[in-house]
Amino acid sequence: MISSKLPNVGTTIFTTMSQLAAQTGALNLSQGFPDFNGPQALLDAVGRHVSAGHNQYSPMTGLPALRQQVANKIARSYGVSVDAEHEVTITPGATEAIFCAIHAVIRTGDEVIVFDPSYDSYEPSVELAGGRCVHVQLTDGEFAIDWQKLTDALSPRTRMIILNSPHNPSGALISRDDLDKLALLIAERDIYLISDEVYEHLVFDGVQHASVLAHEALYPRAFVVSSFGKTYHVTGWKTGYVVAPPALSAELRKVHQYVNFCGVTPLQWALADFMAAHPEHVEELPAFYQAKRDLFCELLTSSRFQFKPTPGTYFQLVDYSQIRPDLNDVDMSLWLTREHGVATIPVSVFYQQPIPEQRLVRLCFAKREETLRQAAEKLCAI
């Protein structure tokens, strides 16, 4: 008999809902991926590099040209300089980067603080490293850090805190003031950070993303993770990166080289070319997705769902308590998919202990206008 190392882990809700959407023909607003393609120049570059013979292993740390483009982007976006050689590592997806960062520093008995609702890959990665997650609930409604709860959760065994901003699933943002408070709270403690910033360029209404990269007190103890897939509309490429000080990068790379060794070579070449030729893509991204958010929210105003426009990511939470308060959010998501043709994600799956009275589902608006109009029509008819 196999004794599972992850006895509480099964098929993720994202896979389940996408499969149900395919089976029922529902519009898939559940899993977070666009239904449109990445920039044509980026797609063309892949074929060019495949034909040019760039099909063998890339360096373990990533293609030098791409690491330099990441460093250039960080300098433009946050006004800070990072060493492309010793601080930037290209990974096959942000999830692998998070896994390797956790395994680089977490040992048996260590505690890792995660903020609920939290992304589902964090806890299994911690458990496989021999650690234990301590769940701290964000405030209900605003999804902000409850500083008293965080302070109470700290212990001599706390080895890491995982941040996520812009936040999945809520879209909430961590501010510079929040980062300052965190820096004071852990100043005298031996605690590392993972800052999951895969939606760093999807911040709306003129607000600037507060990156740990630009925080002089926090970055020296941090792994900052981001995603080319989210930024360039190519989530299936599973290509991301992690930026960390040289000593932390060295430890992460020790793990990374035995998990996947390197990312897909022609994709790295294509991204390096596109980033060099089109730095404006990142600058235009907030307006691109804000237009989709604004359209979707406008289309939903005549529905019975209640919501506030999300401040970041490409996810919009909606409260369905005026429609089917008798259903928990898992059953509501199944009902919406089967009966009304729109697949969503229940928010409770992001919690260790769901809030019983919460009636929220997550909708992805990284979709073509036609898809958003069709989905809104179905939701408004309920």
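Among the residues of the stretch 287-320, those that are crowded, with 17+ Cβ neighbours inside 10 Å and of a type in the set (Gly, Ala, Ser) comprise Ser303, Gly312. Once the stretch 142-187 is narrowed to residues that are charged (D, E, K, R) and in contact with a helix residue (DSSP H, G or I) (Cβ under 7 Å, 6 or more places away or on another chain), the residue that is nearest to Ser211 (Cα to Cα) is Lys181.
With Gly236, Gly263, Gly206 as the choices, which residue is out of contact with any helix residue (DSSP H, G or I) (no Cβ under 8 Å at 6 or more places or on another chain), surrounded by fewer than 21 Cβ atoms within 10 Å (Cβ to Cβ) and not assigned by TED's automatic domain parsing to the domain that holds Pro309?
Values: Gly236 fails: out of contact with any helix residue (DSSP H, G or I) (no Cβ under 8 Å at 6 or more places or on another chain); Gly263 fails: surrounded by fewer than 21 Cβ atoms within 10 Å (Cβ to Cβ).
Exactly one of Gly236, Gly263, Gly206 is out of contact with any helix residue (DSSP H, G or I) (no Cβ under 8 Å at 6 or more places or on another chain), surrounded by fewer than 21 Cβ atoms within 10 Å (Cβ to Cβ) and not assigned by TED's automatic domain parsing to the domain that holds Pro309, namely Gly206.
Checking Leu285 against (1) on the phi < 0 side of the Ramachandran plot; (2) in the same structural domain as Met60 (by TED's automatic domain parsing), which single condition isn't satisfied? Of (1) on the phi < 0 side of the Ramachandran plot; (2) in the same structural domain as Met60 (by TED's automatic domain parsing), only one is false for Leu285: (2). Name the residues in the stretch 129-167 that are without any contact (Cβ under 8 Å) to a residue 12 or more places away in the chain and β-branched (Val, Ile, Thr), would you? Result: Thr139, single match. Only one of the numbered conditions (1) of a type outside the set (Ser, Thr, Tyr); (2) surrounded by fewer than 19 Cβ atoms within 10 Å (Cβ to Cβ); (3) more than 21 Å from Asp83 (Cα to Cα) is violated by Ala214, and that is (3). Among the residues making up the stretch 57-86, those that are closer than 14 Å to Phe228 by Cα and among the β-branched types (Val, Ile, Thr) are Val70, Ile74. Every condition in (1) surrounded by 15 or more Cβ atoms within 10 Å (Cβ to Cβ); (2) farther than 16 Å from Arg293 by Cα; (3) aliphatic (A, V, I, L, M) is met by Leu372 except one, and the failing one is (2).
Residues of the stretch 217-245 being among the β-branched types (Val, Ile, Thr) and touching an Asp or Glu at 6+ places or on another chain (Cβ under 7 Å), which ones?
Quick first cut of the stretch 217-245, residues among the β-branched types (Val, Ile, Thr) only: 224-225, 231, 234-235, 239, 242-243.
If the condition is that a residue be among the β-branched types (Val, Ile, Thr) and touching an Asp or Glu at 6+ places or on another chain (Cβ under 7 Å), then Val224, Val225, Val243 are the ones that fit.
Among the residues of the stretch 180-203, write down those that are out of contact with any strand residue (DSSP E or B) (no Cβ under 8 Å at 6 or more places or on another chain) and surrounded by 22 or more Cβ atoms within 10 Å (Cβ to Cβ). Lay out the reasoning, then the answer.
Filtering the stretch 180-203 down to residues out of contact with any strand residue (DSSP E or B) (no Cβ under 8 Å at 6 or more places or on another chain) leaves 180-181, 183-185, 187-188, 201.
Passing the criteria: only His201.
Considering Gly93, Gly32, the condition of being out of contact with any Cys (no Cβ under 8 Å at 6 or more places or on another chain) and of a type in the set (Gly, Ala, Ser) is satisfied by Gly93 alone. Can you list residue pairs whose Cβ atoms sit under 7 Å apart, with the first residue in the stretch 356-376 being more than 16 Å from Val318 (Cβ to Cβ) and in the same structural domain as Ala21 (by TED's automatic domain parsing) and the second being of a type in the set (Asp, Glu) and in a loop (DSSP other than H, G, I, E, B)? Count only pairs 6 or more apart in sequence or on different chains. So the pair list comes out as Arg368/Asp35; Thr371/Asp35. Would you confirm whether or not the stretch 277-289 contains a residue that is assigned to a loop (DSSP other than H, G, I, E, B) and either touching a residue at least 60 places away in the same chain (Cβ under 8 Å) or hydroxyl-bearing (Ser, Thr, Tyr) (or both)? Checking the stretch 277-289: at least one residue is assigned to a loop (DSSP other than H, G, I, E, B) and either touching a residue at least 60 places away in the same chain (Cβ under 8 Å) or hydroxyl-bearing (Ser, Thr, Tyr) (or both). Among the residues of the stretch 192-217, just one is aliphatic (A, V, I, L, M) and in contact with a His (Cβ under 8 Å, 6 or more places away or on another chain), namely Val203. Do we find that Leu327 is hydrophobic (A, V, I, L, M, F, W, C), under 27 Å from His201 (Cβ atoms) and either in contact with a Phe, Trp or Tyr (Cβ under 9 Å, 6 or more places away or on another chain) or outside any helix (DSSP H, G or I) (or both) in this structure? No; evaluated as a whole, the condition is false for this residue. Of all residues in the stretch 253-294, those that are over 23 Å from the mean Cα position of the chain (by Cα) and among the aliphatic types (A, V, I, L, M) total 2. Is it the case that some residue within the stretch 51-62 is of a type in the set (Val, Ile, Thr), surrounded by 20 or more Cβ atoms within 10 Å (Cβ to Cβ) and out of contact with any Lys or Arg (no Cβ under 9 Å at 6 or more places or on another chain)? No, every residue in the stretch 51-62 fails to be of a type in the set (Val, Ile, Thr), surrounded by 20 or more Cβ atoms within 10 Å (Cβ to Cβ) and out of contact with any Lys or Arg (no Cβ under 9 Å at 6 or more places or on another chain). For beta carbons closer than 9 Å, sequence separation of 6+ or different chains, a first residue in the stretch 80-106 that is outside the structural domain of His215 (by TED's automatic domain parsing) and a second that is in a loop (DSSP other than H, G, I, E, B) and not aliphatic (A, V, I, L, M), there are no qualifying pairs.
Consider Ser227 carefully, then state whether it is modelled with pLDDT of 95 or more and farther than 21 Å from Glu280 by Cβ.
Working: modelled with pLDDT of 95 or more: yes; farther than 21 Å from Glu280 by Cβ: no.
It is false that Ser227 is modelled with pLDDT of 95 or more and farther than 21 Å from Glu280 by Cβ.
The values are calculated or read from the model by the stated rules, or taken from the named source; none is laboratory data. Small disclaimer: the values here were computed from a predicted structure and weren't measured. Cβ atoms come from the backbone with ideal geometry, glycine included; neighbour counts cover every protein chain shown.
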